[in-house]
Every structure is written in C-alpha cells, then in structure tokens.
1. What is the Cα coordinate range of segment 6-117 on the first, second and third principal axes, sorted by size from largest, in whole angstrom?
2. Let me know the Kirkwood hydrodynamic radius for segment 207-249, please, with Cα pairs as the basis and the value in Å to one decimal.
3. Taking R0 as 45 Å, what FRET efficiency do you get between residue 45 and residue 252 from their Cβ-Cβ distance, rounded to the nearest 0.05?
4. Would you mind getting me the FRET efficiency between residue 5 and residue 326? Use the beta-carbon distance for r and R0 = 56 Å, nearest 0.05.
5. Provide, in order from the shortest bin, the percent of all Cα-Cα pairs of segment 132-260 in each 5 Å bin, continuing until the bin that contains the maximum pair distance.
6. Quick check of the Kirkwood formula: for segment 140-195, what is the inverse mean of 1/r over all pairs of different Cα atoms, in Å?
7. If I model a spin label at residue 107 and residue 243 as a point 7 Å from the Cα along the Cα→Cβ vector, what separation in nanometres do I get?
8. P(r) tail for segment 258-333, what percent of Cα pairs lie past 16 Å?
C-alpha cells in the first residue's frame, strides 16, 4: 500500500531553500505545505512556486498539516530550530552545520535523542551518484584497504564578504563537506589534523579573519591519510574531484562536464567546460538526499548523514581552524 505524501514545512526561502522545495515538489512522494522566511517577499515567491502557504516558523512547526521540517535558515538558528521541531515530534532535515559550536551541537543532539525523531544533516555530496558509486565499490573491496584519500573542492568565485564574515570560516563553512566525505570514505575517524591557509584570492577575506585557499592533512588511528585542498576561486568552473588509493589500486571520481563533446586536432584533445554552479553539479544528489530522507521517515530507520555525522565534521573543522591559527597539528581525543 502506497504511503501518504509527506507534507514539508520549509524554514528559509533563500537559495538552498528554493532548491529543496523544488526537489520535494517534483519528487512525487512529498509536497511543500508551508514556507517561512524573515523576508516576506521571498516566502511568498517560493510558496507560490510550489503551491504552498506562508506561515510563521512557530506555526509551521506546530501545524498538524506539516509532517516534516526542512531547515534552510542561517546557521546561527539551526540548533534552536532543530530542538523546537524535535520537541514537536517532527522529522528534520537541516542544512549543515548544526552549529558553529561543538558544545551546542552536543546539547542539541541530546534533545533530538530524547525526542526520538529522525534528524538528517544536509551533507548532500554523500548522495552524488559518482561519489556514491566510488564509496560502494570501495566497500566491495575493489582496491583493498584504503591508504590515501585525496579530495579537491574549489568554488568558481568567492561568496560576498558579508557572507564570509558570518560563515564561521572556510573550514567550518566550505571544507566541512569534505570532512564529512573523508569520514564517509575512510569508514573511521581521523585523530590528527594539520591545516594551512592563506588569503590569496581576496585580501579582504584575510582582513575579515578568514582564508580563501587552504589545505588539510589528516590521519586515522590506523594510519590512513587524507589530503583536502580548497580554494574560493577556480577560473575553469566548479572543481569537485576525489581519489582513493588502496592496497590493490585506485578509484577516482572526476568533474562533471557540461557535455561529453570533445574536439581533437594536432594540439591535442579539448573537452567541454565543467559545470560552474553547485546547484547544477549536485542536482542529482539533492534529489537522492530527499528520497533517502523520505525512506527514513517511511521505514523508521536512521537517516544517512545524521546528527552524529554533523558533530564529527564540526569537530574536524574546529581542529583545522585551531591548527591553522597555531601552526601545530591538533589531536582529536
């Protein structure tokens, strides 16, 4: 017997809220019932696009006509809203991070655990078909034991300075996706973190106390090594690559190009450009993420990329931030 459509309340009608709302509305398994945003025009526009109603956050969370909550508000509101939704007994999908504070995340997760509701954190890259396939073949033993993971993530251009100033820094905002991916692929947690960073793209980012170019090396207790590099600028597009080297070989997931078209001549092969925007690159991942969240609701199982995953990624981000500031490797207890 087919399950009833899950009715979502969307908190936050910004860029990522729009992505999720459109994905939910097009899923065939769920609908958007209510939308809230501090900017009335944004809420109205998004609600109209998906056939939803506008309401306040409190009303959405309390409404019997809302089955699940999707949080796409600014980071400093996430933990409070997760707790409010959990106490209302609603399943929650929250954009990363839960909080910029490890202590606040731990407090929040205690509330979620007591409420016994599903909580998924928006580490959408786990659901990218390329990275998912890599992880699946890795678990199947194709390359033996993992020895070295290399993750490259470079944005086409830096975000506005106003965003940088409240983001919590590159390690907590941008690289946190890569910290989660590292754990996803390793199957164990890093215990040693060493970070470098500089403001090479925009001096104003450095003046704001952040970096725009960074690398992190991490190691697990068993000796496996991870190398992550990030940049806020890639002149050739949205650069997203992963390579895993193991005892019996290597698995690699490369960039997604705008098309498969290539030209060959005496100068060599020339391919079409890579995709230039995260929404295009990860459209399939967002759809698969929503599907997995709905599966968890319908089956009562734990979501993949849960609150604990959010906590561990934040611990790595804090360790990297501390390492960059001190110039010393940081050991995670």
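None of the figures in this text is laboratory data; all of them are computed from the coordinates on show. Remember, predicted model here, so these are calculated numbers, not experimental data. Counting neighbours? That spans all protein chains shown, and the Cβs are built from the backbone with ideal geometry, glycine included.
1. Answer, in whole Å and largest first: 38, 24, 23 Å.
2. About 13.1 Å for segment 207-249.
3. 0.65
4. E(calc), rounded to 0.05, equals 0.65.
5. 2, 10, 20, 20, 17, 14, 10, 5, 2, 0
6. Mean inverse Cα-Cα distance, inverted, gives 13.6 Å.
7. 4.4 nm
8. Here the long-distance tail beyond 16 Å is 73 percent of all Cα pairs in segment 258-333.
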